[in-house]
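Input: a single structure, listed below in structure tokens.
The values are calculated or read from the model by the stated rules, or taken from the named source; none is laboratory data. Since we're looking at a predicted model, the values are computed, not measured. For neighbour counting, all protein chains shown are included, and Cβ atoms are generated from backbone atoms with ideal geometry for every residue, glycine included.
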Amino acid sequence: MALTVERLQQVMPRVVTALSDVARELDLRNDELLAALAFLGEVGRADETILLSDVLGLSRQVDDQTHLANAGTPSNVLGPFYRPGAPWIDNPGSIVGGGTPGSRITVSGHISDAISGAPVRDAIVDVWHANEDGVYSNEDAALDPWDLRGRQQVDMDGHYAFETVTPLHYTVKHDGPVGQLLAALGRHPWRPAHIHYLVTAEGYQPLVTQVYIAGGPYLEDDAISGVKGELVVAIADDRLPFDIALVALPRAAVKNAPA
Ligand code: BEZ
Ligand code: FE
């Protein structure tokens, strides 16, 4: 749902009041305002508007509010590295291309209905993550563009399982205006190691989330404040267990739902 005119008329006066309060309380001067506006222009030209929202914690705040009423697995931002149309893999299967180095793990779990706990038998699990050097396959032309990415159909028990390599922590883009802002504020650009998920199923809200690997750095000070306690999971015996609970759509929203 986009911002409607009604919402815009509700939101903008509050934004203007908040900005005016900052300008008045901190006695902002003309040259400072112009510098701030020039910075926003640079952020736009560098295509870093979402990144700015991420590092300011605004994306996290809005994500929390959007999913507040859900009993399901907490959501997380999609991030800039998702590629639609990842290769289908068997279940169990592997998302590791030939020759990809790294310590092998098996990631697995059940996809279930958040209220009934019943398996969601037609769920599709789309996963992607950085490699053992903290690099995504669409960041480096030398890598297979589909490495460490895959889509999997769950089995009759709602179970999924895939082999992959342990991802490393990495930095968000910090060679542009957002990076300059982070540096000026004395903040680092690191994210803790994680695996991204997009889980879809007929009749359920799509879930975009991430599972974070316990024990690694930056879990406490993720550059985009994305870490949520329920999403932090330990690898034990080369296994990373991650169950997911999906929230059903209201019946009216389900295509061809019986009356
Ligand atoms: C990511 O997890 O891929 C990501 C999310 C937000 C900003 C940058 C990277
Ligand atoms: Fe990521």
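Restricting the search to the stretch 51-65, which residues are closer than 13 Å to Val172 by Cα and among the acidic types (Asp, Glu)?
Asp54
One line per residue, one yes/no per condition, for (1) within 16 Å of ligand 2 (Cβ to nearest atom); (2) of a type outside the set (Ser, Thr, Tyr); (3) within 16 Å of the chain's Cα centre (by Cα):
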{"site": "Leu143", "(1), (2), (3)": "yes, yes, no"}
{"site": "Gln153", "(1), (2), (3)": "no, yes, no"}
{"site": "Thr166", "(1), (2), (3)": "yes, no, no"}
{"site": "Gly203", "(1), (2), (3)": "no, yes, no"}
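Do the conditions hold for Ala257, that is, is it modelled with pLDDT of 95 or more and assigned to a loop (DSSP other than H, G, I, E, B)?
Details: modelled with pLDDT of 95 or more: no; assigned to a loop (DSSP other than H, G, I, E, B): yes.
Here the answer is no, as Ala257 does not meet what is asked.
Sort through Thr171, Thr166 and tell me the only one that's within 22 Å of Arg60 (Cα to Cα), surrounded by fewer than 21 Cβ atoms within 10 Å (Cβ to Cβ) and of a type in the set (S, T, N, Q).
Numbers: Thr166 fails: within 22 Å of Arg60 (Cα to Cα).
Going through Thr171, Thr166 in turn, just one is within 22 Å of Arg60 (Cα to Cα), surrounded by fewer than 21 Cβ atoms within 10 Å (Cβ to Cβ) and of a type in the set (S, T, N, Q): Thr171.
Okay, residues lined up against (1) among the aliphatic types (A, V, I, L, M); (2) within 30 Å of Asp144 (Cα to Cα); (3) surrounded by 12 or more Cβ atoms within 10 Å (Cβ to Cβ); (4) touching a strand residue (DSSP E or B) at 6+ places or on another chain (Cβ under 6 Å):
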{"site": "Thr4", "(1), (2), (3), (4)": "no, no, no, no"}
{"site": "Val16", "(1), (2), (3), (4)": "yes, no, no, no"}
{"site": "Arg24", "(1), (2), (3), (4)": "no, no, no, no"}
{"site": "Val55", "(1), (2), (3), (4)": "yes, yes, yes, no"}
{"site": "Asp64", "(1), (2), (3), (4)": "no, no, yes, no"}
{"site": "His67", "(1), (2), (3), (4)": "no, no, yes, no"}
{"site": "Ser112", "(1), (2), (3), (4)": "no, no, yes, yes"}
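(1) more than 16 Å from ligand 2 (Cβ to nearest atom); (2) of a type in the set (D, E, K, R); (3) under 29 Å from Glu48 (Cβ atoms): which one isn't true of Asp126, the others all being true?
It fails just one condition, (1).
Check Ala46, Ala36, Ala123 and return the single one that is surrounded by fewer than 19 Cβ atoms within 10 Å (Cβ to Cβ), touching a residue at least 60 places away in the same chain (Cβ under 8 Å) and over 28 Å from Glu220 (Cβ atoms).
Values: Ala36 fails: touching a residue at least 60 places away in the same chain (Cβ under 8 Å); Ala123 fails: surrounded by fewer than 19 Cβ atoms within 10 Å (Cβ to Cβ).
On inspection, the qualifying residue turns out to be Ala46.
For the stretch 168-177, name all the residues that are within 16 Å of ligand 2 (Cβ to nearest atom) and either touching a Ser or Thr at 6+ places or on another chain (Cβ under 9 Å) or not hydrophobic (A, V, I, L, M, F, W, C) (or both). Spell out the reasoning first.
Just the residues of the stretch 168-177 that are within 16 Å of ligand 2 (Cβ to nearest atom), to begin with: 168-174.
Scanning the stretch 168-177 gives His169, Tyr170, Thr171, Lys173, His174.
Working only within the stretch 1-22, note down all residues that are hydrophobic (A, V, I, L, M, F, W, C) and either at pLDDT below 95 or more than 27 Å from Ala223 (Cβ to Cβ) (or both).
Listed by number, the residues that qualify are Met1, Ala2, Leu3, Val5, Leu8, Met12, Val16.
Being touching a residue at least 12 places away in the same chain (Cβ under 8 Å) and either surrounded by 14 or more Cβ atoms within 10 Å (Cβ to Cβ) or more than 15 Å from ligand 1 (Cβ to nearest atom) (or both) is true for just one of Gly179, Gly186, Gly150. Which residue is that?
On the way: Gly179 fails: touching a residue at least 12 places away in the same chain (Cβ under 8 Å); Gly186 fails: touching a residue at least 12 places away in the same chain (Cβ under 8 Å).
Sole residue among the options that is touching a residue at least 12 places away in the same chain (Cβ under 8 Å) and either surrounded by 14 or more Cβ atoms within 10 Å (Cβ to Cβ) or more than 15 Å from ligand 1 (Cβ to nearest atom) (or both): Gly150.
Could you check the stretch 100-201 for strands (runs of 3 or more DSSP E) lying wholly inside it with 1 or more residues that are under 30 Å from Asn70 (Cα atoms), among the β-branched types (Val, Ile, Thr) and touching a Lys or Arg at 6+ places or on another chain (Cβ under 9 Å)? Lay out the reasoning, then the answer.
Working: elements: 104-113, 124-129, 149-153, 159-165, 194-200.
Answer list for the stretch 100-201: 104-113, 124-129, 159-165.
Here are some conditions: (1) away from ligand 1 (no atom under 16 Å from the Cβ); (2) on the phi < 0 side of the Ramachandran plot. Arg83 meets all but one. Which one does it not meet?
That leaves (1) as the condition not met.
Which condition number in (1) buried (at least 18 other Cβ atoms within 10 Å of the Cβ); (2) over 16 Å from the mean Cα position of the chain (by Cα) is the one that Val227 fails?
(2) is the only condition that Val227 fails.
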